[in-house]
Amino acid sequence: MRGDDQEEQDAMWSYVPMERRIPADHPLRAMRPLVDTVLGELSTRFAALYSRVGRPSIAPEKLLRALLLQVLYTIRSERQLMEQLDYNLLFRWFVGLEMDDPVWNATVFTKNRERLLGQEMARAFFDRVVAQARERGLLSDEHFTVDGTLVEAWASLKSFKRKDAPPVPPEDPGNPTVNFHGERRSNTTHGSTTDPDARLARKGKGQEAKLFYTGHVLMENRNGLAVGSCVIPASGHAERAAALELLGARDREGRVTLGADKGYDTRDFVAAVRLLGVTPHVAQNTTNRASAIDGRTTRHAGYVVSQRRRKRVEEIFGWLKTVGLMRKTRHRGTRRVDWMFTLALAAYNLVRIRNLTTQTV
């Protein structure tokens, strides 16, 4: 028979606990204990950030859980995140809010996030997640891959102006008319007035130039988990410089391998990697040139395995750009972009750890 569609909703109380409303097999259930463990390890660092007197702020644990939800569910703004927290019981349960707890103001939420930004809490959270993966035996300590990707800046080409030109008030402040046709622009002579850290770059030949950052990831080859990351302004040598920085920051015992694509096949980079005691498993670039990788490296079976495994780093970049809000950053400045990039990588690792743990159970 047809159900009744009442216009008025008279029910005022609910006697079903929020814990029972969340399905037992929901993916967030397996992730929540892991997140709580990581946040518990950071409790001492959180305590050092806040005074013991005064008005209570948003709990940093709740704030980081909410930011993880923003990444996991591709919520484009903090204001929309607060709207979701107001009526989404799943989000309230994950963050740690009761049904009747008030939701924070979006501006207050953003201001509280700035405190964590200043103390590099995203990096600390990421490192604890990696440590949890290591305790579960999910990481390789011998074989790695490095790669970089362009992250579009939150700045338009209209803001890319000559550095030595005096500022001219636009005729339309909201959407000024800019004619830069025929003008030769470069990062040396021009800069963005909206985001000075962004740099002009293009993804490839024939592609349009835009303002970008470059995000870099160091991946272990066993399960494709990110173990290192950084964001720097885009440049022609950014990928190789960032790779050496990430590699040098790793604690290594014994000899390890590093896979990479053809963009890293230069004599300077290969020599620098070998000086660090790392075997460069870089893809050979033989287009109108000789490769820096010779038969001493390519003859080994491990080189072939590295070339196959290194492609998994593109899965990380694909997830970051389609789910993790990193196709075009919503933040300005290298420090903020790096903070959000690192937190998004931590969210990716949490998803991978959850999936891998579920498969082995």
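The values are calculated or read from the model by the stated rules, or taken from the named source; none is laboratory data. Just so it is clear, the model here is predicted, and its values are computed rather than measured. Methodologically, a virtual Cβ is constructed for each residue, glycine included, from the backbone with ideal geometry; neighbour enumeration extends over all protein chains shown. Note: areas computed on protein heavy atoms with side chains; ligands, DNA, RNA excluded. Shrake-Rupley method; radii C 1.70, N 1.55, O 1.52, S 1.80 Å.
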Total charge of the residues flanking GLN284 in space, meaning their Cβ is under 15 Å from its Cβ, with Lys and Arg +1 and Asp and Glu -1, is +4
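Using a 1.4 Å probe over the heavy atoms of the protein chains, calculate the carbon and sulfur portion of the accessible area of segment 38-191 as a whole percent.
50
Using a probe radius of 1.4 Å on heavy atoms only, what accessible surface per residue do you get for segment 39-191? Whole Å² is fine.
Numbers: 8550 Å² over 153 residues.
In whole numbers, segment 39-191 has 56 Å² accessible per residue.
Are there chymotrypsin sites (Phe, Trp or Tyr not before Pro) in segment 107-213 that DSSP puts in a loop and that have at most 14 other Cβ atoms within 10 Å, and which ones?
Filter output for segment 107-213: PHE180.
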When a/c is below 1.5 the answer is rounded, else prolate if a/b is larger than b/c, else oblate, so apply that to segment 247-313 with a ≥ b ≥ c taken from the square roots of the Cα gyration tensor eigenvalues. prolate
In whole angstrom, and with the biggest value first, how far do the Cα coordinates of segment 306-356 range along each principal axis? 35, 25, 17
Give or take rounding to whole Å, what are the principal axis extents of the alpha carbon atoms in the chain, in descending order? 77, 63, 58
Would you mind telling me the antiparallel percentage of the DSSP bridges in the chain, rounded to 5? 70
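Tell me the net charge near PRO233. Cut-off is 14 Å between Cβ atoms, PRO233 excluded, with +1 for each Lys or Arg and -1 for each Asp or Glu.
On the way: positive: ARG199, LYS210, ARG332, ARG335, ARG336; negative: GLU152, ASP195, ASP197, GLU239, GLU245, ASP338.
Charge balance near PRO233 sits at -1.
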Holding the Cα-Cα limit at 20 Å, pick out from LYS163/LYS210; LYS62/LYS111; LYS203/LYS262; LYS210/LYS311; LYS262/LYS311; LYS62/LYS321 the pairs that are longer than that. LYS210/LYS311; LYS62/LYS321
What do you get for trypsin sites (Lys or Arg not before Pro) in segment 6-108 restricted to DSSP loop and a cutoff of at most 10 other Cβ within 10 Å of the site's Cβ? ARG52, ARG76
Between THR214 and residues 5 or more places away or on another chain, the pairs with built amide H atoms under 5 Å apart involve VAL151, ILE232, ALA234
Heavy-atom accessible area per residue, segment 264-361, 1.4 Å probe: how many Å²? 49
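For segment 108-231, what is the relative contact order in percent, using Cα pairs closer than 8 Å and at least 6 residues apart in sequence? Display every interim value, and only then the final one.
Numbers: 143 pairs, mean separation 40.1, N = 124.
Dividing the mean separation by the residue count of segment 108-231 yields 32 percent.
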Once Lys and Arg are counted +1 and Asp and Glu -1 for all other residues with Cβ under 12 Å from that of PHE126, the total becomes -1
